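The values are calculated or read from the model by the stated rules, or taken from the named source; none is laboratory data. Treat the numbers as computed from the prediction; the structure is a model and nothing was measured. Glycine gets a Cβ as well: all are built from the backbone with ideal geometry, and neighbour counts include every protein chain shown.
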Amino acid sequence: MPFTEPVEAQSTITAEKIGSKIDVYVDGRFFTSYTFSENEKYPFFYPVNGPSGASVTSKRNSNFPHHSSLFFGLDFVNGGNYWQEGLDRGQILSVNTQIEENNGSRVVITDECIWVRPDAESPIKDSRRIIISSPGDEIYIIDFEISLLPLHDVTIRRNNHSLFSGRMDPDLAVINGGTMVNAAGDEGEDGTFGVRSPWISYYGERGGRYEGMTIMQHPSNDWPEAPWFTRDYGFFSPTPIYWPEDEDAGTFMGKGDAVNLSYRVVVHTGSPDEAGISGYYDEFKSE
């Protein structure tokens, strides 16, 4: 379907906070949960249901138990680990999750998180704003804004476990016949790994129809148009952390110097051309 201007309140978006989850519905159909349990490594979205009703993402497996669907994390922060399993190694702990808007045309969720580790100073606190909407037929959007505030000087060692990330369902992975493509048309891990691009789309066929998920990074990000870390088995993330200017020094964040990042996730039917992904990116970058 070609890109069209969003229609006001075309779909009704509602949310309900139950315990340590916020469940989100589009026209009464369950879309996603934002999970922020104190027993989890970090907050994350799962499932992220496509138009078929099945999740386009997967939640962990035996090889990669630290991949939780759609999430934000970071490894090697001042000696801590805020990505891989083990709460004693570090945890991004939600302390104030709220539904700020629940008015039908969109849902707005805010969250505040503190990065904690036993017997260590908290290196970072973050503030999040999540906007969920459905501006077109079989198009669901999650806008994810995050501000990282270093509470002390922070050094992040070079690593591939970093920032906003998606782990696709195996049905849609390249190794199982799916497609991963960036804005320039480069495909697969060989074509996209380490390449700068405003977005990458990951999609595949299910039951005779194509659906997938696209992650976009906003050009105004404090770490702008970062290279992508991609895997044909279903993982993709825009991150500068794997490619620092000085590999030995890693990435430095000074105390009190906030880093602001914004991402858009589009869950869609069809290929990027059929879903009008370039149009949704043009709209996103103008906001």
Check your understanding: Do we find a residue being surrounded by 15 or more Cβ atoms within 10 Å (Cβ to Cβ), among the basic types (Lys, Arg), touching a residue at least 40 places away in the same chain (Cβ under 8 Å) and touching a strand residue (DSSP E or B) at 6+ places or on another chain (Cβ under 6 Å) anywhere in the range 252-259?
Key -> no
Review point. Among the residues of the range 87-121, how many are within 22 Å of residue 73 (Cβ to Cβ), touching an Asp or Glu at 6+ places or on another chain (Cβ under 8 Å) and not in a strand (DSSP E or B)?
Key: 5
Review point. Can you tell me which residue in the range 122-170 is farthest from residue 13 (Cα to Cα), limited to those that are assigned to a strand (DSSP E or B) and acidic (Asp, Glu)?
Key: 126
Review point. Going by the structure shown, is residue 134 in contact with a His (Cβ under 9 Å, 6 or more places away or on another chain) and either buried (at least 21 other Cβ atoms within 10 Å of the Cβ) or hydrophobic (A, V, I, L, M, F, W, C) (or both)?
Key: no
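Being under 25 Å from residue 43 (Cβ atoms), in contact with a Gly (Cβ under 8 Å, 6 or more places away or on another chain) and either in a loop (DSSP other than H, G, I, E, B) or in contact (Cβ under 8 Å) with a residue 12 or more places away in the chain (or both): is that true of residue 201 here?
yes
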Point to revise | Residues of the range 266-280 classified as β-branched (Val, Ile, Thr) and surrounded by fewer than 23 Cβ atoms within 10 Å (Cβ to Cβ), total | key: 1
Point to revise | Selection within the range 244-267 - at pLDDT 95 or above, part of a loop (DSSP other than H, G, I, E, B) and not small (Gly, Ala, Ser) | key: 255, 257
Review point. Pick from the range 66-78 the residues that are at pLDDT 95 or above and not in a strand (DSSP E or B): which of them is nearest to residue 169 (Cα to Cα)?
Key: 69
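Going through 46, 34 one at a time, which residue ends up being modelled with pLDDT of 95 or more, touching a Lys or Arg at 6+ places or on another chain (Cβ under 6 Å) and within 22 Å of residue 263 (Cβ to Cβ)?
46
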